[in-house]
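> For reference, the structure I am asking about is given below.
The values are calculated or read from the model by the stated rules, or taken from the named source; none is laboratory data. Keep in mind that this is a model prediction, so the values were computed, not measured. Neighbour counts run over all protein chains shown; Cβ positions are idealised from the backbone, glycine included. When the accessible area is computed, the model is the full protein with side chains, heavy atoms only, and any ligands, DNA or RNA have been set aside. Shrake-Rupley method; radii C 1.70, N 1.55, O 1.52, S 1.80 Å.
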Amino acid sequence: REVVERFLAASRAGGVSALLAVLAPDVVRRADAAALRAGVESEIRGARTVAEETVTNAARARFARPILVNGRLGAVVAPRGRLVFVLQIAVEGDRVAAIDVIADPERLRQLTLAVAP
């Protein structure tokens with residue numbers, strides 16, 4: 001949970017250096033088409049690339065909260081109670097190794113979400 005909380009805090013702050021401290025060097029971020037702006041790649045790799053892309057979404061990150069996604073800690077972005085997307089976050093050691101951003105309504109319905117302890 002600590003790693004996910006650090007990632008969310010760094011995302012909210014919008015600082016690349018704080019994100020680099022919590023992202024694994026070879027981190028991968030995958031996102032479905034519903035989660036992306038036009039022209040953004042569905043898969044990006046590397047801490048700097050993922051950090052820079054995350055900074056561009058800092059405004060949305062303020063709504064991110066930890067949640068259990070299919071039994072594993074992740075995050076949900078739901079401003080005013082409206083689910084926008086879910087982050088499945090894979091942690092290895094003390095770093096975020098992978099982030100899957102899910103916004104497609106059909107995929108969201110297939111997830112089991114629960115309050116994080």
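Yes/no per residue for (1) open to solvent by less than 70 Å² (accessible area, probe 1.4 Å); (2) of a type outside the set (A, V, I, L, M); (3) assigned to a strand (DSSP E or B):
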| site | (1), (2), (3) |
| --- | --- |
| Val4 | yes, no, no |
| Ala9 | yes, no, no |
| Val27 | yes, no, yes |
| Glu53 | yes, yes, no |
| Val76 | yes, no, yes |
| Arg80 | no, yes, no |
| Ala97 | yes, no, yes |
| Asp100 | yes, yes, yes |
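> Starting from region 28-40, take each residue that is more than 16 Å from Glu106 (Cβ to Cβ) and list its partners that are in a helix (DSSP H, G or I), counting only C-beta distances under 7 angstrom and pairs at least six apart or across chains.
Arg29/Val50; Arg29/Glu53
> List pairs: first in region 1-15 and more than 15 Å from Arg60 (Cα to Cα), second not small (Gly, Ala, Ser), Cβ under 6 Å, 6+ apart or cross-chain?
Arg1/Leu73; Val3/Val91; Val3/Asp94; Val4/Pro66; Val4/Leu73; Val4/Ile89; Arg6/Val22
> Can you pull out every residue in region 55-71 that is open to solvent by 50 Å² or more (accessible area, probe 1.4 Å) and either at pLDDT 90 or above or of a type in the set (Val, Ile, Thr) (or both)?
Hits for region 55-71 are Thr56, Arg65, Asn70, Gly71.
> Right, something else. Among the residues of region 43-51, is any closer than 20 Å to Ala13 by Cα, of a type in the set (D, E, K, R) and in contact (Cβ under 8 Å) with a residue 40 or more places away in the chain?
no
This table checks each residue for (1) among the aromatic types (Phe, Trp, Tyr); (2) in contact with a strand residue (DSSP E or B) (Cβ under 8 Å, 6 or more places away or on another chain); (3) closer than 20 Å to Val4 by Cβ.
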{"position": "Ala21", "(1), (2), (3)": "no, no, yes"}
{"position": "Ala38", "(1), (2), (3)": "no, no, no"}
{"position": "Ala47", "(1), (2), (3)": "no, yes, yes"}
{"position": "Glu53", "(1), (2), (3)": "no, yes, yes"}
{"position": "Asn57", "(1), (2), (3)": "no, no, yes"}
{"position": "Phe63", "(1), (2), (3)": "yes, yes, yes"}
{"position": "Ala75", "(1), (2), (3)": "no, yes, yes"}
{"position": "Ala114", "(1), (2), (3)": "no, yes, yes"}
